[in-house]
Amino acid sequence: MSVGVCIVDADGNLQLSNDQMRTYLSTGKVPSTDRPNHYRWQGTHPDGTAIEPHDFAIARAIRGETVVPGLEFQYLHDDGRPRWTRVAAAPLRDGNAEVTGVFAIAVDIDDLKRATERQSVLLAELQHRVRNIMATVHALAWRSRESVGSVEEYAERLCGRLMSLARTQRLLTRGANAGVCLRGMLDGEIAAQVASPAVYRLEGEDVLLPPKAAEVLSLAIHELTSNALRHGALGHADGRIDVSWTLQAEDGGPWLSLHWRERHGGAGQREAPLQRGLGRALIEQRVPYELAGRGELRFGPEGLDAWIRFPLRERGSLLQTDAPEAGVEGK
């Protein structure tokens, strides 16, 4: 943090200064009297009005005011870059209490100012994300009560869904919220439930999912995997899952097209609870609403097929608080 210091006389002429202050006062005059350089100093009062030259810190100190901790300006340097600078000033007086000059300091606070602004943005994003995650937890707790026969089964379903949500949040945090690798997310969600990697195959190029798409899709994959274990292909000794995806151009941008395919040699699905559960709501309702895409489920004699398509563009956070409740909570 660079600091310029100086002493000026009562007429605003530079008397003493260090090198840093001379970059601000290169003409030897204080900013309020250096008319050709007024444009370099841009600041505003708390009410939003511009700080005029007669209200600059040194000008006020010449009138007898002590201006601390100072006024903040964006000072335009010779290289064309504005940097936040705080200027403080105090009058120097003689034995008769008359102002004979001013002591002033100018501190480059640009890095601090921008770090504070970034912190404010991050705090606002964190608060928004926490609200949305709490809404999601509430929705998952509500929907997890469906089709369960005991408290233990309810706890197992809910914990599995919360762990899926936690895994995605961990991936987003590691990636500084820039996105999530599709293959890594799929591998993590399926491997968290299946005993062997030999029962599933992933095929597709590397794709970076926007945060919201990652959140919605990871929960859908969790539900599909859970359903495959309890009621679908992975409930058979020869069952397997193939997940493939491609990128396609549509509506002026890239769309992700993902196909979940279950196959086994048994006698078909023992049940199809996805027909009425959270998984179906996520794929057929939330994908269109949250991601502006399309989702489809098809139950065939050889197993379940699911298609999920959506544009790869950034949207708000998962199950945001303005989303309709019916598709999530079934109210």
Show me the ranking of peptides 14-24, 283-293, 116-126, 225-235 by mean Cβ neighbours inside 10 Å, starting with the highest. 225-235, 283-293, 14-24, 116-126
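Please give me the summed charge of the neighbours of TRP255: other residues whose Cβ is under 12 Å from its Cβ, Lys and Arg +1, Asp and Glu -1.
+1
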Förster radius 51 Å - calculated FRET efficiency between TRP307 and ASP47 (Cβ-Cβ, nearest 0.05): 0.35
What residue among GLN193, GLY235, SER26 has its Cα farthest toward the positive end of the dipole of the chain, where the charges are +1 on Lys, Arg and -1 on Asp, Glu, each on the Cβ? GLY235
What do you get when you divide the Cα radius of gyration of the stretch 178-311 by 2.2 N^0.38 Å, with N the number of residues? 1.00
How many nm separate the modelled label positions at ASP238 and VAL137, each set 7 Å beyond the Cα in the direction of the Cβ? 4.6
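Dipole size in debye (nearest 20) for the stretch 3-110 around its Cα centre, Lys and Arg Cβ +1, Asp and Glu Cβ -1?
Numbers: 10 positive and 15 negative charges, 16 e Å.
Rounded to the nearest 20 debye, it is 80 debye.
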For the stretch 143-231, rounded, prolate or oblate, judged on the Cα gyration tensor with a ≥ b ≥ c (square roots of eigenvalues), a/c < 1.5 rounded, else prolate if a/b > b/c? oblate
For the chain, with only Lys/Arg (+1) and Asp/Glu (-1) charged at the beta-carbon, what is the dipole magnitude about the Cα centre, in debye rounded to 20? 680
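Quote the FRET efficiency, to the nearest 0.05, computed for HIS54 versus ASP9 with a Förster distance R0 of 25 Å and r equal to the Cβ-Cβ distance.
Taking R0 as 25 Å, the efficiency between HIS54 and ASP9 is 0.90.
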Between ARG22 and HIS128, the two model label points (7 Å from Cα along the beta-carbon direction) sit apart by a distance in nm of 4.8
Which value at 222 nm does the chain reach when only helices count, each DSSP H run of 4 or more adding -39,500 (n - 2.57), with the total divided by all residues and rounded to the nearest 500 deg cm²/dmol? -10500 deg cm²/dmol
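With a sphere of radius 14 Å drawn around the Cβ of PRO69, what net charge do the other residues whose Cβ falls strictly inside it have (Lys, Arg +1; Asp, Glu -1)? Intermediate values should be presented prior to the final figure.
On the way: positive: ARG60, ARG86, LYS113; negative: GLU65, GLU72.
Around PRO69, the surrounding residues sum to +1.
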In degrees rounded to 10, the 0-90 angle between helix 110-143 Cα long axis and the longest Cα principal axis of the chain is 20
Could you work out how far helix 182-191 tilts from the main Cα principal axis of the chain, as a 0 to 90 degree angle to the nearest 10? 50
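We did not get these values from a lab; they are worked out from the coordinates using the rules stated. Model, not experiment: these values are computed from the prediction. When we count neighbours, we look across all protein chains shown, and the Cβ atoms used for this are built from the backbone with ideal geometry, even at glycine.
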